[in-house]
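Undergrad: Below is the structure I would like to discuss, written out as structure tokens.
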Amino acid sequence: MEIFDIKAKSRTLTGNGPARVLRAEGRVPAVLYGPKTEPVNLSVDTKELETVLKQGAAGQLLLNLIVENGETFNRPAMIKEVQRKPLSREFLHVDFYEIDMHRKIVVPIPVVTTGKCKGVEAGGMLQIIRRELEVMCLPTQIPAAIEIDISDLGMGESIHVEDLPLTGDLEVLHDVNFTVITVLSPKAAEGQEALAGEEEAAAAAGGEVPAAGAEA
């Protein structure tokens, strides 16, 4: 897996005022922490952060954090959280989490389907239950995605965690019988759409929808 460099500078001033000054200078307030790392207040260049985030999902990027603090030192890290303003999407703060390259970590991995599903061609509806799965692996073995071939998936059939085509030393942190993808029959699909419509209507009205099988 590719490792991306990103430079950071230490900072001593904290609070809203100094943070606004940093953003006006084109920098984003940040912090580095980890299980064996005391929190270190940092700042990173806004454009450099934007460039790194274009390389993939924030929670999957493997970084070489180059910290300038009188002397320069490097830390392997991942992005734990990125805070932005809701409307302008301006960066407010970024959390870096120091990792051990020799210890497994938990990362969210997107689920990607390939092939034409025969169940869908027969009139069914493909339902992806989870579009991301939590995977435990070494930092250097983080997959870009979990690809699932759905070509042979028929009407009413499902793919569970135990059926996933995993490579390397990966561990999916869900029950082996957890359903990831299923193909609903037309009747079941209509029921799902009706329930979704009820939930949307209830949400708009501020009410609640009775659970399936529950008394109204």
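Undergrad: How charged is the neighbourhood of Val67? Take every other residue with its Cβ under 12 Å from the Cβ of Val67, and add Lys/Arg as +1 and Asp/Glu as -1.
TA: Numbers: positive: Lys7, Lys9, Arg11, Arg75; negative: Asp5, Glu68, Glu71, Glu98.
That works out to 0.
Undergrad: Okay, next question. Among rounded, prolate and oblate, which fits segment 3-98 when a ≥ b ≥ c are the square roots of the eigenvalues of its C-alpha gyration tensor, a/c under 1.5 means rounded, and a/b larger than b/c means prolate? Could the numbers behind the result be given before it?
TA: Values: a/c = 1.55, a/b = 1.10, b/c = 1.41.
Judged from the Cα gyration tensor, segment 3-98 comes out oblate (a/c at least 1.5, b/c at or above a/b).
Undergrad: Just to confirm a number: summing +1 for Lys and Arg and -1 for Asp and Glu over residues other than Val28 whose beta-carbon lies under 13 angstrom from that of Val28, what do you get?
TA: Here the count lands on +3.
Undergrad: Using 7 Å Cα-to-Cβ label points, what is the Phe4/Lys85 separation (nm, one decimal)?
TA: It is 2.3 nm.
Undergrad: Something else about it: Taking the Cβ of Thr51 as the centre, find all other residues whose Cβ is under 13 Å away and add up their charges (Lys, Arg: +1; Asp, Glu: -1).
TA: On the way: positive: Lys7, Lys47, Lys54; negative: Asp5, Asp45, Glu48, Glu50.
Neighbourhood net charge equals -1.
Undergrad: So what is the relative contact order of the chain, in percent, for Cα pairs below 8 Å that sit 6 or more residues apart? Display every interim value, and only then the final one.
TA: Numbers: 397 pairs, mean separation 33.7, N = 216.
Computed over the chain, the figure is 16 percent.
Undergrad: How much FRET efficiency would the formula 1/(1 + (r/R0)^6) give for Glu68 and Asp169, where r is the Cβ-Cβ distance and R0 is 35 Å, rounded to 0.05? Write out the running numbers ahead of the final one.
TA: Details: r = 35 Å, r/R0 = 1.00.
With R0 = 35 Å, the Cβ-Cβ based efficiency is 0.50.
Undergrad: Can you tell me which lysines have their Cα less than 20 Å from the Cα of Lys118? Leave out same-chain residues fewer than eight positions away.
TA: Leaving aside lysines fewer than 8 places away in the same chain, those within reach of Lys118 are Lys187.
Undergrad: Please list, or write none, the lysines whose alpha carbon is within less than 24 Å of the alpha carbon of Lys104, excluding same-chain residues fewer than 8 places away.
TA: The reachable lysines, counting only those whose Cα sits under 24 Å from Lys104, are Lys36, Lys80.
Undergrad: Let me ask something additional. For Ala58 and Thr37, FRET efficiency with R0 = 25 Å and r from the beta-carbon atoms, rounded to 0.05?
TA: Step by step, r from the Cβ atoms, then E = 0.85.
Every read-out reported here was derived from the displayed coordinates using simple, explicitly stated rules and does not represent laboratory data. Just so we're clear, the structure is a prediction, and the values are computed from it rather than from any experiment. Because the Cβ atoms are built from the backbone with ideal geometry, glycine has one as well, and the counts that use them run over all protein chains shown.
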